[in-house]
1. Looking at segment 85-96 only, could you name the residues that are among the basic types (K, R) and open to solvent by 60 Å² or more (accessible area, probe 1.4 Å)?
2. Need pairs with beta-carbon distance below 8 Å; first residue in contact (Cβ under 8 Å) with a residue 12 or more places away in the chain and under 14 Å from A51 (Cβ atoms) and within segment 61-81, second open to solvent by 80 Å² or more (accessible area, probe 1.4 Å) and not in a helix (DSSP H, G or I); sequence gap 6+ or separate chains.
3. Considering each residue of segment 42-52, count those that are crowded, with 18+ Cβ neighbours inside 10 Å and outside any helix (DSSP H, G or I), and give that number.
4. Examine segment 97-111 for a residue that is under 23 Å from A48 (Cβ atoms), touching a Leu at 6+ places or on another chain (Cβ under 6 Å), open to solvent by less than 80 Å² (accessible area, probe 1.4 Å) and part of a helix (DSSP H, G or I), and state whether such a residue exists.
5. Could you please tell me which pairs satisfy a Cβ distance under 9 Å, a separation of 6+ or placement on different chains, a first residue in segment 129-155 that is in contact (Cβ under 8 Å) with a residue 24 or more places away in the chain, and a second residue that is small (G, A, S) and open to solvent by 70 Å² or more (accessible area, probe 1.4 Å)?
6. Looking for whichever is surrounded by fewer than 17 Cβ atoms within 10 Å (Cβ to Cβ) and part of a helix (DSSP H, G or I) here; the options are K77, K39, K28. Which one fits?
7. I'd like to verify a number: residues in segment 53-63 that are surrounded by fewer than 19 Cβ atoms within 10 Å (Cβ to Cβ) and assigned to a helix (DSSP H, G or I), how many?
8. Between a first residue in segment 1-24 that is open to solvent by less than 30 Å² (accessible area, probe 1.4 Å) and a second residue that is among the polar types (S, T, N, Q), which pairs have beta carbons less than 6 Å apart while being 6 or more apart in sequence or on different chains?
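The values are calculated or read from the model by the stated rules, or taken from the named source; none is laboratory data. This is a predicted model, so every value here is computed, not measured. Cβ placement follows ideal geometry from the backbone for every residue including glycine, while neighbour counts extend to all protein chains displayed. These accessible areas exclude ligands, DNA and RNA; they are computed on the full protein's heavy atoms, side chains included. Shrake-Rupley method; radii C 1.70, N 1.55, O 1.52, S 1.80 Å.
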Amino acid sequence: LQRAADMGLVAACVLLGKCYEKGIGTAKNLQEAVKCYDKALKYDYPPAMIARAGLYLDEGGSQGAEKAIPLLQKALKEDEADTWGWDARKLLVDAYLTKGTEEDRDIARYILTQEAKEGNSPAAHMLAHLCLEDGEGEHYREILRHIAAEGYQRAREELDKAYNGSSWSECL
């Protein structure tokens with residue numbers, strides 16, 4: 001990967017960055033990962049934008065989220081085939097939720113709602129938990145029941161835990 005990255009293969013830069021980020025085949029080194037991602041960013045390569053945004057979010061706080069959001073928005077615009085769509089949108093939701101303003105929370109909720117409408121069960125699951133945090137317990141349960149019926153196992157398990165041993169279990 002190093003040779004390919006040195007030769008300017010952008011995809012290799014991102015893969016090498018992942019190796020440094022995760023410690024795969026080399027010692028974990030976030031500074032080297034950043035260098036690799038930044039090299040690939042010069043070519044407006046969506047996977048590099050997504051990977052770099054992920055590191056910004058790992059830094060934590062609203063400052064990391066502020067840096068991640070423009071990269072993720074650009075990645076989504078550049079990704080015409082929507083190859084990286086959910087990966088980028090999930091990170092974007094995380095970034096908006098990290099910022100934590102009401103407006104940012106509404107944007108995150110909108111993204112999750114759109115994904116859920118398209119049949120994205122993990123997005124619907126995230127939306128359900130956002131509803132629960134907002135005190136919308138019935139909407140939370142409605143979403144969980146819907147995606148569980150469609151076969152989303154995590155929702156089924158969550159519903160089972162919620163009703164197990166309660167006086168409501170006979171109503172299932």
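1. The answer is K90, and nothing else.
2. A75/W84
3. Summing the residues that are crowded, with 18+ Cβ neighbours inside 10 Å and outside any helix (DSSP H, G or I) in segment 42-52 gives 1.
4. Looking for residues that are under 23 Å from A48 (Cβ atoms), touching a Leu at 6+ places or on another chain (Cβ under 6 Å), open to solvent by less than 80 Å² (accessible area, probe 1.4 Å) and part of a helix (DSSP H, G or I), one finds none in segment 97-111, hence no.
5. Filtered contacts from segment 129-155: A155/A149.
6. Being surrounded by fewer than 17 Cβ atoms within 10 Å (Cβ to Cβ) and part of a helix (DSSP H, G or I) holds for just one of K77, K39, K28, which is K77.
7. Pass one, segment 53-63, residues surrounded by fewer than 19 Cβ atoms within 10 Å (Cβ to Cβ): 55, 58-63.
Still in the running and assigned to a helix (DSSP H, G or I): 55, 58-59, 61-63.
Summing the residues that are surrounded by fewer than 19 Cβ atoms within 10 Å (Cβ to Cβ) and assigned to a helix (DSSP H, G or I) in segment 53-63 gives 6.
8. Cβ pairs passing all conditions: C19/T26.
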